[in-house]
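Throughout, read-outs are computed from the coordinates displayed, never taken from laboratory work. What you see is a predicted model; the values in this text were computed from it and never measured. Don't worry about glycine lacking a Cβ; one is built from the backbone with ideal geometry, like all the others, and counts go over all protein chains shown.
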Amino acid sequence: MKKTLIFLFIFISCFLFSQEISFNIKDKPNDDGAALILSWDTSQIEASKIIIERKAPDSDLIIITSSQEVVGTFEDGTDIDPGIEYNYRLSALDENGKVLHIVRTTASSSSQWFNKKKISLLILALLISVSIVYYIFSAKSGKDLYIRKIGGLESMDESVGRATEMGRPILFIPGTLDLDDMQTIAGLTLLRRLAQKAAEYDAKLIVPVCRSMVLSTAKEVVKEAYMKAGRPDAFDPDSVFYLTDDQFGYVAGVDGIIVREKPAANFFLGAFYAESLILAETGFSSGAIQTAGTAMPSQLPFFVVACDYTLIGEELFAASAYLSKDPHQLGSLKGQDFGKAIFIVVLTIGIILEISGVHFLKDFLALH
Amino acid sequence: MRKTKQIDRRWLFLLIFFGVALPLIFTIGLPLETTKNVHMVYDLIDGMPKGSRALLSFDYDPASMPELHPMAKAVVKHCFDKEINIIFTAMWPMGVQMADDIIEQLKDDYPDLKYGEDYVNLGFKAGGMITIQSMGKNFREVFPKDMNGSSIDELPIMEGINNFSNIGFVFSLSAGAPGIKEWVQIAHDAYGRPTSGGCTGVSAPAMLPYINEQKQLTGLLAGLKAAAEYETLIKTPGSATKGMDAQSIAHLIIIIFIAIGNINYWRDRKALKKGGK
Amino acid sequence: MKRKIPLLITFTVGIILIISEFIPHKPFGQLSGELEIWFLIISGFAILLGQLSLFKVNILKIQYKQRDWQFYVITLISFVVMVTLGFLWGTGKSAGMLGHGEIITSTLGHKPFDYLFHNVYQHLQATMFSLLAFFIASAAYRAFIGRTVESNLLLTSAVLVMLGNTTFGSLLTGWLPESLNFLHLPKVSEFIMTFPTTAGQRAIMIGAGLGIIGSSLRIILGIERSYLGGE
């Protein structure tokens, strides 16, 4: 009898303990302390719904989420400040709304100084940046750096000369994105050199732009270029003008300019989307010599097909260094090539490891 | 060197015009085969339980309507047929009108659907990636009200939506950035929600790598053909199916002209060699 | 000094933003988001500059009756009309200075701004986009000539992808047995798009990414100053 009672007591205790639900809260890693990760498991009891409430010091209890998931997680990112202790209460309810079980816990978040998920990015960024900076400053030694010929850049002088001979203008389009895009800045860098050449050759330059910020910068760039060429009088402020922000409104405007003004040379250097082929084909039909450059992979085929010269991807960014022949800038190109070599090595090792079923490199390089 | 004589491109323009216009007026009904990526999208939506909530982001403008609008309509129709509740939003300003237009087109087919219970339009929010990240942290702070100014606390469909956790899947109809890539990076990679999308044909190569073992993208509707395939799968032929006839004829005309161009080139080259001898 | 201050600002902000990419702790974690908002605010003001430029250039052309000056009149009229309609009666659910314009909305079916947007602007946009169909045809006809090995590869893959993306692709190879299913044109097209095309695009993106790093470092370090208008 005694043994039976003890056995029954142990059995009931186990049954009761096994009905416990787990409710854990931990700080969200690699953030600024504005979130906590809540996880629960109510599979031991037959709960239909869970409600989680939170209470901060000096405030009331508020419901932050409810869920019908028996096992789940939730990221609480509402009004969480680091270092403050929050009280959480999880209530497990049955289908009639009756509370089956309540669990209480406290937690506080903390802010991290380093995002560990980005360690691979940091290592690669440091490797590439250090190599670029190293080659920039080691170029002081005066060593000649070999840069392969880029047809599109070599032909710029020829294009300007052609325009001057024919007495027709040069059209320059710095892309359709704003000044926060590197392609636009790369385009404006080339605009400076082109404007200087146009000033020296006394060729007319037309620069319709798509963004107001680009308008201000382009005007300044062209003006400075004319001054550097010693032709400030030849600068026409209205040669750089704004059309519209709208993509197809802009391309309609530029097409009209091409058809009316019939420029002898067209330069499309910057970021483009679907309008690339419309611009290039209209320019082709007007008989202009065309040079295009963009880092948008989806638009490059259209430019390659319709233009005489195309700067593909990094060639657009290398243009400034290529044309200036400045050793420091050329050094940075060498650093980029070193970065490419790193990529090729990592890619090759990665392919071999993946084929062998070893995934640590892929997991290490993933940013999540 | 003698230049190859090329056909005046205006003849080509004229043929393309008729090649595209006539099939749109007189439907041919060419058969269509469905592909794997489209099936993945279909299976994702078809496998969702009744009452799930889907987030549909309209990230395109009227310029991309011919390709993306038909697939948007097909996907929304499929969701409504499966009784999946839809939260419409847009990361492009004109995406709101695109969403409104789809709802307007389908309203008569689903008269029992109630705004606020079965679907809601939260409108456009600027900020792209930053907005999507903020939605993952605190959805209600990003969209405190819907497009009509009603508080989302009053809308039954938004109950329990504080981030992406209670969203069944995310679907982005994207013509550029912000679009599918941003949704994949946040909704799937950061929050683990199934993510799928539709894009223009020309952007497809950039999106295809996301269909991988990690299922960053669960299928992809790329271009008008995929939209037509989806209409076939949901057994509701629409404008995409009609458009496919036009696209097929136009492609055929281009291929014929490429062949003519090559034949002319090789014939002239042969003649030049003979003349040179 | 005129050059030194912008260079110093560029250097400081550039370095801080690069570092903040790795530091979630406040205020670093919010910096890039804040600066994007600052950019949006500044570009909002800059829009005014653009509109003034548009007006000035068009008015000068009208004033001096340059060739086709009538088209510039249409530009200005369109601009003024849209701005005025939006200002007076608003757009969508937003009211204008004169409210929602119930009478005019009930007559047109939409607010005036929305009416012009849906019935004029959207169709103009679609028209411009549809030019691509014609231009792709003429560009393909001109460019896809098999002169060299590379151009032959280009020509072959273009034809395969085009056929694969149409119903003719399925018709031409639909009869193939299961064992030769890999030669089915839609599958070949998908293969070309998924593997060689994607690989090529990724390579270009990697190169472009490195180019952006190089350019950005040159700008941050003050070696590249062309954007300032100087050497």
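The convex hull of the Cα atoms of the range C:56-174, projected and averaged over all directions, covers 14.5 nm². Both radii were evaluated on the Cα set of the range B:12-53; the Rg over Rh quotient, with Rh as the Kirkwood radius, amounts to 1.30.
Dipole size of the protein assembly as shown about its Cα centre, with +1 on Lys/Arg Cβ and -1 on Asp/Glu Cβ: approximately 3320 debye, rounded to the nearest 20. Here C:ILE41 and B:ARG140 are evaluated by their C-beta separation; at R0 = 22 Å the FRET efficiency comes out at 0.30. Considered as an equivalent ellipsoid built on the Cα gyration tensor, the range B:189-265 has semi-axes of 32, 19, 7 Å, the largest given first.
Beyond 19 Å, what percent of the Cα pairs of the range B:121-231 remain? Summing the P(r) tail past 19 Å for the range B:121-231 gives 48 percent. Enumerate the aspartates and glutamates that A:LYS98 could reach by cross-link, defined here as Cα to Cα under 19 Å, with residues fewer than 8 away along the same chain left out. Within reach: A:GLU20, A:ASP41, A:GLU46, A:GLU53, A:GLU69. Its Kirkwood hydrodynamic radius, worked out from the mean inverse distance over all distinct Cα pairs, puts the range A:240-368 at 17.6 Å. Here is the tail figure for the range A:181-225: Cα pairs spaced more than 15 Å apart come to 37 percent of all pairs. Pair-distance distribution of chain B: all C-alpha pairs, bin width 5 Å, starting at 0; shares per bin in whole percent are 1, 6, 12, 15, 16, 14, 10, 7, 5, 5, 3, 2, 2, 1, 1, 0, 0, 0.
The smallest convex shape that holds all Cα atoms of the range C:25-71, its convex hull, gives 66 Å³ per residue. In this calculation the C-beta distance from B:ARG10 to B:LYS114 is compared with R0 = 56 Å, giving a FRET efficiency of 0.55. The C-alpha atoms of the range A:133-275 occupy a region whose extents along the principal axes are 50, 34, 27 Å, arranged from largest to smallest. The convex hull around the C-alpha trace of chain C, projected and averaged over every direction, spans 24.9 square nanometres. The three principal axes of the Cα atoms in the range A:38-165 give end-to-end lengths of 88, 38, 32 Å, sorted in falling order. Here the label points at B:ILE263 and C:LEU76, each 7 Å from Cα along the C-beta direction, are separated by 5.5 nm in the simple model.
State which entries of A:LYS116/C:LYS26; A:LYS204/C:LYS65; B:LYS107/B:LYS181; B:LYS137/B:LYS225; A:LYS49/B:LYS50 exceed 28 angstrom in Cα-Cα distance in the structure shown. From the list (A:LYS116/C:LYS26; A:LYS204/C:LYS65; B:LYS107/B:LYS181; B:LYS137/B:LYS225; A:LYS49/B:LYS50), the Cα-Cα distance tops 28 Å for B:LYS107/B:LYS181; B:LYS137/B:LYS225. When the Cα positions of C:ALA199, B:LEU272, A:LEU353 are compared along the charge dipole of the protein assembly as shown, B:LEU272 comes out farthest toward the positive end, with charges on each C-beta of Lys, Arg, Asp and Glu.
Calculated mean residue ellipticity at 222 nm for chain A: -14500 deg cm²/dmol, from DSSP H runs with n ≥ 4 weighted as -39500 (n - 2.57), summed, divided by the residue count and rounded to 500. Computed from the C-beta positions of A:ALA234 and A:ARG260 and an R0 of 25 Å, the FRET efficiency is 0.70 to the nearest 0.05. Close amide H partners of A:ILE289, meaning residues 5 or more places away or on another chain with modelled amide H under 5 Å apart, are A:ALA265, A:ASN266. Karplus-derived 3J(HN,Hα) values for the range C:181-186, using 6.51 cos²θ - 1.76 cosθ + 1.60 with θ = phi - 60°, are 4, 5, 8, 5, 3, x Hz; glycine and proline are entered as x. The phi-based Karplus calculation (6.51 cos²θ - 1.76 cosθ + 1.60; θ = phi - 60°) puts the 3J(HN,Hα) values of the range B:32-42 at 10, 9, 8, 10, 4, 5, 6, 4, 4, 5, 4 Hz, whole numbers, x for Gly and Pro.
Footprinting exposure proxy ranking of B:LYS77, B:LYS50, A:LYS340, fewest other C-beta atoms within 10 angstrom first, gives B:LYS50, A:LYS340, B:LYS77. In terms of Cα atoms, the Rg and Dmax of the range A:20-108 work out to 12.9, 40 Å.
Neighbour counts of other Cβ atoms within 10 Å put C:PHE117, A:PHE272, C:PHE45 in the fewest-to-most order C:PHE45, C:PHE117, A:PHE272.
Tell me, Kirkwood radius of chain A from alpha-carbon pair distances, in Å? That comes to 26.2 Å for chain A.
When the alpha-carbon atoms of the protein assembly as shown are used, the pair Rg, Dmax equals 30.2, 120 angstrom. By the rule of a C-alpha distance below 13 Å, with chain neighbours fewer than 8 residues away ignored, the aspartates and glutamates paired with B:LYS125 are B:ASP59, B:GLU141, B:ASP146.
Here, the range C:67-128 yields an orientationally averaged convex hull projection of 4.9 nm² when only Cα atoms define the hull.
Along the charge dipole of the range B:31-237, which of B:TYR191, B:GLY51, B:MET147 sits closest to the positive end, that is, farthest toward it, with unit charges on the beta carbon of Lys, Arg, Asp and Glu (+1, +1, -1, -1)? Checked the options; the winner is B:TYR191.
Considering only B:LEU122, B:LEU68, B:LEU22, the Gaussian network model of chain B with Cα springs below 10 Å gives its largest mean-square fluctuation to B:LEU22. Counting Cα-Cα pairs of the range C:106-197 in 5 Å increments starting at 0 gives whole-percent bin shares of 3, 11, 13, 13, 14, 10, 8, 7, 7, 6, 4, 2, 1.
Entry for the range C:1-58 at q = 0.26, 0.27, 0.29 Å⁻¹: log10 I(q)/I(0) = -0.98, -1.00, -1.04, Debye formula applied to identical alpha-carbon scatterers, no solvent contribution. Could you name the lysines in cross-link range of A:LYS197, using Cα to Cα under 18 Å and dropping any fewer than eight places away on the same chain? A:LYS197 reaches A:LYS219, A:LYS223, A:LYS228, A:LYS325.
Under 5 Å between amide hydrogens, built in the peptide plane, is the criterion, and for A:LEU269 it picks out A:ILE173, A:GLY175, A:GLY293 among residues at least 5 positions away or on other chains. Of B:LEU173, B:TYR230, B:GLY201, whose Cα points farthest to the positive end of the dipole of chain B (charges on the beta-carbon: +1 Lys, Arg; -1 Asp, Glu; origin at the Cα centre)? Positive-most Cα among the choices belongs to B:GLY201. Arranged from fewest to most other beta-carbon atoms within 10 Å of their beta carbon, C:ARG202, A:ARG192 become C:ARG202, A:ARG192.
Sorted into 10 angstrom bins from 0, the C-alpha pair distances of the range C:144-231 split as 15, 27, 22, 14, 14, 7, 2 percent. Rg/Rh, computed from the Cα trace of the range B:132-189 with Rh as the Kirkwood radius, has the value 0.99.
Would you please give the residues with an amide H less than 5 Å from that of A:SER22, counting only those at least 5 places away or on a separate chain, with H modeled from the backbone geometry? Close amide H contacts, sequence-distant or interchain: A:ASP41.
Taken over the range A:218-304, the alpha-carbon convex hull comes to 111 cubic angstrom per residue. Applying the Karplus relation 6.51 cos²θ - 1.76 cosθ + 1.60 with θ = phi - 60° to the range A:234-241 yields 3J(HN,Hα) values of 7, 6, 10, x, 7, 6, 10, 9 Hz, where x marks Gly and Pro. Each principal axis of the range A:292-354 carries a Cα extent, and these read 42, 33, 14 Å when sorted largest first.
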